[in-house]
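J.: Structure in structure tokens, see below.
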Amino acid sequence: MISLHHSPRLSANQCGSVVTQTIQAPLPLVWSVVRQFDEPQAYKKFIKNCGLSSGDGGAGSIRELTVVSGLPAERSTERLDRLDDESHVMVVSIIGGDHKLVNYRSTTTLHEGGGGARDTVVMESYVVDIPADSCEEDTCLFAETIIRCNLKSLAKLAEKMADHHL
Ligand code: A8S
């Protein structure tokens, strides 16, 4: 699964990495939150609001986000490239916005954890261009920090839902 989905080809001016998070909640529950392309703010705390400008939430849909204040960006336009409900794979590309993440593409996959059906492992990898005025370290640190926050808050939400049998 890792080599299949999380080993993208990098060009010379690109960087990327993978972030992993274990969640104590069943995979179908975690997937039900992750797969909602039109509602990333359900767990992504840096997003203020989100609406679809194209599509119905399936592959090919485009969402327009606004970001909470205090970040170096206000908006982002993102396309759902792939949503596989059987293999639990979601691929999203950032195609516009007033931020520095050019040619950003992320792949999120869910896997049943070692502890049986009670645990889920989420893996999110990404690729992004390194801006001319920045370096690989800063670019990756920025993206990774946001992804880490997102996956932590996904864990918190899903574990709360699992506790309440939602
Ligand atoms: C995601 C991942 C990232 C989102 C970044 C890296 C972003 O939403 C934020 C700040 C930015 O400067 C860029 O899965 C952008 O959401 C929080 C607006 C795209």
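J.: Since V92 meets every condition but one in (1) within 9 Å of the ligand (Cβ to nearest atom); (2) touching a strand residue (DSSP E or B) at 6+ places or on another chain (Cβ under 6 Å); (3) under 25 Å from P26 (Cα atoms); (4) open to solvent by 30 Å² or more (accessible area, probe 1.4 Å), which condition does it not meet?
T.: Single failed check for V92: (4).
J.: Now a separate question. Quick one: is G70 on the phi > 0 side of the Ramachandran plot and either within 15 Å of the ligand (Cβ to nearest atom) or at pLDDT below 95 (or both)?
T.: yes
J.: Follow-up question, since we're still on this one. I want to confirm something. Restricting to segment 73-88 and keeping residues that are among the charged types (D, E, K, R), open to solvent by less than 50 Å² (accessible area, probe 1.4 Å) and farther than 15 Å from I146 by Cβ, which single residue is nearest to the ligand (Cβ to nearest atom)?
T.: By that ranking, first place goes to D81.
J.: Going by the structure shown, is S134 part of a loop (DSSP other than H, G, I, E, B), of a type in the set (S, T, Y) and either closer than 24 Å to C15 by Cα or away from the ligand (no atom under 12 Å from the Cβ) (or both)?
T.: yes
J.: Somewhere in segment 23-33, is a residue of a type outside the set (A, V, I, L, M, F, W, C), modelled with pLDDT of 95 or more and within 15 Å of the ligand (Cβ to nearest atom)?
T.: The answer is no, given that none of the residues of segment 23-33 is of a type outside the set (A, V, I, L, M, F, W, C), modelled with pLDDT of 95 or more and within 15 Å of the ligand (Cβ to nearest atom).
J.: Okay, next question. Scanning for something within 15 Å of the ligand (Cβ to nearest atom), assigned to a loop (DSSP other than H, G, I, E, B) and touching a Leu at 6+ places or on another chain (Cβ under 9 Å), does segment 106-126 turn up at least one residue?
T.: No: segment 106-126 contains no residue that is within 15 Å of the ligand (Cβ to nearest atom), assigned to a loop (DSSP other than H, G, I, E, B) and touching a Leu at 6+ places or on another chain (Cβ under 9 Å).
J.: I would also like to ask the following. Within segment 26-45, can you find the residues that are among the charged types (D, E, K, R) and either open to solvent by 50 Å² or more (accessible area, probe 1.4 Å) or under 18 Å from V127 (Cα atoms) (or both)?
T.: Hits for segment 26-45 are R35, D38, E39, K45.
J.: So which residues in segment 46-65 are crowded, with 16+ Cβ neighbours inside 10 Å and not in a loop (DSSP other than H, G, I, E, B)?
T.: I47, C50, I62, R63, E64, L65
J.: Anything in segment 141-166 that is within 11 Å of the ligand (Cβ to nearest atom) and either of a type in the set (V, I, T) or at pLDDT below 95 (or both)? List them, or say none.
T.: T145, I146, I147, listed by residue number.
J.: In segment 76-104, which residue that is more than 16 Å from the chain's Cα centre (by Cα) and among the charged types (D, E, K, R) is farthest from G16 (Cα to Cα)?
T.: E86
J.: Next question. Find all pairs meeting these conditions: Cβ atoms under 6 angstrom apart; at least six residues apart or on different chains; first residue within segment 48-62 and under 15 Å from M90 (Cβ atoms); second residue of a type in the set (F, W, Y) and surrounded by 14 or more Cβ atoms within 10 Å (Cβ to Cβ).
T.: Here the result reads G57/F37; S61/F37, each pair linking segment 48-62 to a residue that is of a type in the set (F, W, Y) and surrounded by 14 or more Cβ atoms within 10 Å (Cβ to Cβ).
J.: Which ones in segment 5-25 are open to solvent by 50 Å² or more (accessible area, probe 1.4 Å) and either under 17 Å from L65 (Cα atoms) or over 14 Å from the mean Cα position of the chain (by Cα) (or both)?
T.: Within segment 5-25, S7, P8, R9, L10, S11, A12, N13, T22, Q24 meet the criteria.
The values are calculated or read from the model by the stated rules, or taken from the named source; none is laboratory data. It should be emphasised that the depicted structure is a prediction, and the values quoted were computed from it without experimental measurement. Neighbour counts run over all protein chains shown; Cβ positions are idealised from the backbone, glycine included. With ligands, DNA and RNA removed, areas are computed over all heavy atoms of the protein, side chains included. Shrake-Rupley method; radii C 1.70, N 1.55, O 1.52, S 1.80 Å.
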